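The values are calculated or read from the model by the stated rules, or taken from the named source; none is laboratory data. As the structure is a prediction and not an experimental result, all values here were calculated from the model. Glycine gets a Cβ as well: all are built from the backbone with ideal geometry, and neighbour counts include every protein chain shown. Side chains are part of the model used for accessible areas, which takes the heavy atoms of the whole protein and leaves out ligands, DNA and RNA. Shrake-Rupley method; radii C 1.70, N 1.55, O 1.52, S 1.80 Å.
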Amino acid sequence: MADSFDVIVIGGGPAGYPAAIRAGQNKLSVACIDQWRNRDGSYAFGGTCLNAGCIPSKALLESSELYVRAREEFAAHGIKVADVGFDVAQMQKRKAGIVKTSTQGITALFKASGVTALQGHGKLLPGRRVQFTAADGTQRELTAKHVILASGSAPAELKVAPFKAPHIIDSWGALDLPSVPKRLGVIGAGVIGLELGSVWRRLGSEVTVLEALPDFLAIADQQLAKEAARHFKKQGLDIRLGAKVSAAKVSGDAVEVSYEDAQGTHSLTVDRLIVAAGRRPFTADLLADGTGVTLDDRGFIQVDEHCRTAAEGVWAVGDCVRGPMLAHKGKEEGVMVADLIAGHYGEVNYKAIPSVIYTAPEIAWVGLTEEQVKSSGRPYKVGVFPFLASGRARAMEQAQGFAKIIAAQDDDEILGVHIIGPMAGELIAEAVLAMEFSASSEDLQRTIHAHPTLSEALHEAALAADKRAIDSINR
Ligand code: FAD
Ligand code: AMP
């Protein structure tokens, strides 16, 4: 194997592996170093997303949601099933199979695009040299014209609630629970806390979510957040806001949690506690002295808008740099950098990155919230269409939530789209494309949407922004 490459990527998650593949497609010689190891010690490309994040969580969300629908909705469809039950071991087995197929797929993709796959640790040395340490401890020094750092992130540990498996666990532990805890505590009502809380609630856990912030889903449009809170409450998720966890300790086979809110100090006993209080950039043993790469005060690798670090020829992408910690954001950064290195055009439109929360109903948005538009002072109009008025949603027994579009009053530019309802995560793609092409709400109004589809909700929301909705009453 060569010791010198055009590009070396350190990190094989959803930011790093696409960077390596695109570099290969661009006819650059490229190696991707990744150290991810699963619990059985085996190496696997794909990083957090494929091994312990996006993919396994979606597998369990799907299984648990199907169970709830079979139990609660089938009767309305006229489907009779006796004794709907579930088998956590089978759910976990299915999940593991999906993860394995996905991670093995990366190895095949690497082969197809000529990427040298190196499993082990990578450390950047000065002068774009990289020290590679293989599983058996042997070390080699590699050199590259360009190095892309894609070392990702790790769950934030709270001093007040240090991880202590199997009782106090991170999101990976929460995805691997072998059985349903009777009482489950979750610290943090962010995306991860809500998704994991939903999985285990659906399977019967009494779930209490403790969130330090006073507002629910403060990052989302508040009309959406209110609708979501209503549904989660109905599902039995006990979400306590303004509740800051001050201590958690394992006692016997349970966890004693203390938290503070406006009323004072409270205690809560749970069988398992998931700490989903955010993620931090992961750069442990990544940078030797003298590389010139700098970190900000929160530990993120500092980069410009094209992901260049302070060191010549060294780039950084994904969760280890500023911006939303999302797989698709990292992927586009990785691809952009590999294209820029090859002398091609590359750009990430940070204003059009969709966010999705895969709960039921699903939540998705792109662009500005109504609160953000309001505070910008730009005059705007809003169109909302409830899924209750969607024939397809009703046929699916999923007529919950709404699609909302915010457009500028002056030139009709779409500023934000917010959807809560069936398949919101899929529907948002149309809004992302519209915003990418600087569409106006009129452009959406004049685009033909097939009937009956869920996508008509966005069409009707755009019409509603000008009080011209056909299938709902304009307000
Ligand atoms: P990572 O995926 O963390 O990958 C970094 C890789 O680099 C790892 O394999 C790591 O081992 C390796 N590495 C680090 N340092 C070195 C080194 N020195 N040498 C060699 N290798 C190294 N995002 C979404 O967009 N959609 C979702 O639905 C979603 N769901 C999530 C659910 C959960 C439970 C969690 C925890 C996260 C979820 N995320 C989701 C976030 C998503 O997983 C991350 O944004 C994404 O994985 C970031 O990609 P990355 O490549 O930057 O980092
Ligand atoms: P996210 O960053 O979206 O993954 O969400 C993590 C959430 O955890 C944030 O909303 C934080 O406010 C919340 N959080 C962090 N620390 C605590 C704590 N000690 N008690 C309760 N909530 C917390």
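Computed with a 1.4 Å probe over protein heavy atoms only, the accessible area of PHE45 comes to about 10 Å². Between ARG475 and ALA89, residue separation times 0.36 nm minus the direct Cα-Cα distance comes to 134.0 nm.
Relative contact order for the chain using alpha-carbon pairs under 8 Å, separation at least 6, rounded to a whole percent? Worked out over the chain, it gives 14 percent.
For the stretch 168-277, what class follows from the C-alpha gyration tensor (a ≥ b ≥ c being the square roots of its eigenvalues): rounded when a/c is under 1.5, otherwise prolate if a/b is larger than b/c, else oblate? Verdict is oblate for the stretch 168-277. Largest first, the residues VAL384, VAL257, VAL432 sort by 1.4 Å accessible area into VAL384, VAL432, VAL257. Note: relative contact order over the stretch 168-277, using C-alpha pairs below 8 Å and six or more positions apart, is 36 percent.
Average projection, convex hull of the Cα set of the stretch 353-465: 6.3 square nanometres. Summing charges over all other residues whose Cβ lies under 13 Å from the Cβ of GLU62, with Lys and Arg as +1 and Asp and Glu as -1, gives +2.
Bridgeable lysines around LYS467 (alpha carbons under 28 Å apart, same-chain partners fewer than 8 residues away excluded): LYS226, LYS351, LYS374, LYS381, LYS404.
Within the stretch 100-173, which trypsin sites (Lys or Arg not before Pro) sit in a loop by DSSP and count at most 10 neighbouring Cβ atoms inside 10 Å? Mind dumping the intermediate values first?
Working: sites: LYS100, LYS111, LYS123, ARG128, ARG129, ARG140, LYS145, LYS159, LYS164; in loops: ARG128, LYS159.
Those that pass, being in a loop and sparsely packed, are LYS159.
Note on the stretch 266-342: with neighbouring protein chains present and a 1.4 Å probe, carbon and sulfur make up 47 percent of its accessible heavy-atom surface.
Ligands, DNA and RNA excluded, the heavy atoms of HIS344 present near 90 Å² of accessible surface to a 1.4 Å solvent probe.
Relative contact order of the stretch 320-442, taken over Cα pairs closer than 8 Å and 6 or more residues apart, is 24 percent.
For the chain, the solvent-accessible area works out to 46 Å² per residue, with a probe of 1.4 Å and every protein chain left in place.
Here the stretch 17-110 has an Rg and Dmax of 18.5, 59 Å, counting Cα atoms alone. Dividing the summed -39500 (n - 2.57) terms of all DSSP H runs of n ≥ 4 by the residue count of the chain sets its mean residue ellipticity at 222 nm at -9500 deg cm²/dmol. What you get for the chain, charging only the Cβ of Lys and Arg (+1) and of Asp and Glu (-1), is a dipole of about 900 debye around the Cα centre. Expressed to the nearest 5 percent, the antiparallel share of DSSP beta bridges inside the chain is 65 percent.
Taking a span of 27 Å or more along the helix axis (Cα atoms) and a mean Kyte-Doolittle hydropathy of at least -1.0 as the rule, the DSSP H helices of the chain that qualify are 88-112. With the convex hull constructed from alpha-carbon coordinates only, the chain shows a mean projected area of 25.1 nm² over all directions. Carbon and sulfur atoms: what percent of the 1.4 Å accessible area of the stretch 353-465 do they account for? Its accessible area is 54 percent carbon and sulfur atoms. Ordering MET336, MET423, MET396 by accessible surface, largest first, gives MET423, MET396, MET336; the 1.4 Å probe counts only protein heavy atoms, with every chain in place. Shape descriptor for the stretch 291-336: Rg over Rh equals 0.95 (Cα atoms; Rh from the Kirkwood inverse mean 1/r).
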